[in-house]
1. Taking the stated definitions as given, is residue 240 of a type in the set (A, V, I, L, M), more than 24 Å from residue 327 (Cα to Cα) and in contact with a helix residue (DSSP H, G or I) (Cβ under 6 Å, 6 or more places away or on another chain)?
2. When you look at residue 352, is it in contact (Cβ under 8 Å) with a residue 12 or more places away in the chain, under 19 Å from residue 240 (Cβ atoms) and aromatic (Phe, Trp, Tyr), yes or no?
3. Within the range 163-186, can one find any residue that is within 30 Å of residue 129 (Cβ to Cβ) and acidic (Asp, Glu)?
4. Where residues in the range 229-239 are buried (at least 16 other Cβ atoms within 10 Å of the Cβ) and either assigned to a helix (DSSP H, G or I) or small (Gly, Ala, Ser) (or both), which of them is farthest from the chain's Cα centre (by Cα)?
5. Are any of the residues in the range 131-142 among the polar types (S, T, N, Q), in a helix (DSSP H, G or I) and closer than 22 Å to residue 202 by Cα?
6. Identify all residues within the range 151-182 that are under 22 Å from residue 194 (Cβ atoms) and polar (S, T, N, Q); write none if there are none.
7. Name every residue in the range 136-167 that is of a type in the set (S, T, N, Q), under 22 Å from the mean Cα position of the chain (by Cα) and at pLDDT below 85, in order of residue number.
8. List the helices (runs of 4 or more DSSP H) that sit entirely inside the range 152-209 and contain at least 2 residues that are hydrophobic (A, V, I, L, M, F, W, C) and buried (at least 16 other Cβ atoms within 10 Å of the Cβ).
Amino acid sequence: MLRVAAASLCSSCQRLRLLLPPTASASTVIYSTSRPENRHTVDSLGALSVDVRKIRESKGWILSESSAFVAETADLLRDMGADTPAVVRILEAHPEAVLCRPEEISVQRDLWESVCPDKLELLRIVEKFPATFFTLTHHGNQRANILYLQSLWLGDRIIGELMGSAPQSLSRPVERNKEAIHALRETYLDLGGDEVNLHLWLRTLFGQNPGVLLQPAEAWRDGLGFLRQRGFTAPELLSLASNLRASVAELKPHDMQQALAFVEEAFACTQDELKRVAIRCPAILRCSFPALVGRFQALSDAGVSAEQVKESPGVLELPTHILLHRVQKMAACDYDVRFGSLDVLLGTREDFEMKYWKLQLRQQRLL
């Protein structure tokens, strides 16, 4: 709806909110978008080879605005290193950009360049998160948060990722992020970490899950508190927290209890074995219970024993269809997973393809 779209615009475009009253209905939106199109806007976008039809179908109200800065926005993007295809991709992904005043975009560009001076890298972030880049409000909060995070030696690359993929964390007051960092620090030190490695741990968390700052401290305490009650030691909890990243704060004790109970029964684990499985494959704690059961059942149907899975629990991180695909590919190389290690199924797609290629090559030599 128009009011939702308008909320993401720069400060000079917030006037669009006034087009509709708070109780506006769908019919009001239709009426608002029936205004005549601004021919200059349409022609300027067409001259860039932007798909105007696509914008008309999804966000036609943009084409009816009396003021738009198509050429100016395109020039600013070119100054940042964008070629014409990149400009087109950005404007098609976030056409609201043409409603932002050039001087406000320039201020935003300067702020982002203070974190990411490499033009190509900055353009990559802008193209990946155009809606974030063209949300030109909360400059004061963004600048204060950038300075604060830089003081923590997090590194500009990670701060740049936060700006793009978790913009809420930099748009809110800096005090909120200081509270979040304090909670993370207390958690890390309570689990046996030390100040020397704190910054490295934070960089790892933010690099792997930029939304970590948005997770409430209470959720961290609840998740780790449950695991502590299950007998996990501080070093074991630190290992889990590091591997699960901010996911610890998203886990519910009931869900973790369900997952651990299933693994304990399916693998006939002792408590120590159960902890080792969880530490080696922390994904079982965040995997939905039906998915976990489905993956184990698929392996069982393929003839794999529970003992094999216990020895290579990382296979439970793989979605069922990928598991079955890899089992079948290995069978084509005369590798029977029923009698060998399941480690051969692990790894990224590239890792697995390398293992598959080596097995194929070995098989050909034996023929």
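The values are calculated or read from the model by the stated rules, or taken from the named source; none is laboratory data. Quick caveat, the model's predicted, so the values are computed rather than measured. Every residue, glycine as well, gets a Cβ built from its backbone with ideal geometry; the counts of neighbours run over all protein chains shown.
1. Details: of a type in the set (A, V, I, L, M): yes; more than 24 Å from residue 327 (Cα to Cα): yes; in contact with a helix residue (DSSP H, G or I) (Cβ under 6 Å, 6 or more places away or on another chain): no.
Spelling it out, it is not the case that residue 240 is of a type in the set (A, V, I, L, M), more than 24 Å from residue 327 (Cα to Cα) and in contact with a helix residue (DSSP H, G or I) (Cβ under 6 Å, 6 or more places away or on another chain).
2. Working: in contact (Cβ under 8 Å) with a residue 12 or more places away in the chain: yes; under 19 Å from residue 240 (Cβ atoms): no; aromatic (Phe, Trp, Tyr): yes.
For residue 352, the condition - in contact (Cβ under 8 Å) with a residue 12 or more places away in the chain, under 19 Å from residue 240 (Cβ atoms) and aromatic (Phe, Trp, Tyr) - is not met.
3. Going residue by residue through the range 163-186, those that are within 30 Å of residue 129 (Cβ to Cβ) are 163-185.
Okay, now just the ones that are also acidic (Asp, Glu), so 175, 179.
Yes - at least one qualifying residue is present in the range 163-186.
4. By that ranking, first place goes to 236.
5. At the first step, the residues of the range 131-142 found to be among the polar types (S, T, N, Q) are 132, 135, 137, 141-142.
Pick out the ones that are also in a helix (DSSP H, G or I) and you get 132, 141-142.
So of that shortlist, the ones also closer than 22 Å to residue 202 by Cα come out as 141-142.
Yes, the conditions are met somewhere in the range 131-142.
6. Of everything in the range 151-182, just one residue is under 22 Å from residue 194 (Cβ atoms) and polar (S, T, N, Q), namely 151.
7. 165
8. On the way: elements: 156-165, 167-171, 174-190, 195-208.
Ranges flagged: 156-165, 174-190, 195-208.
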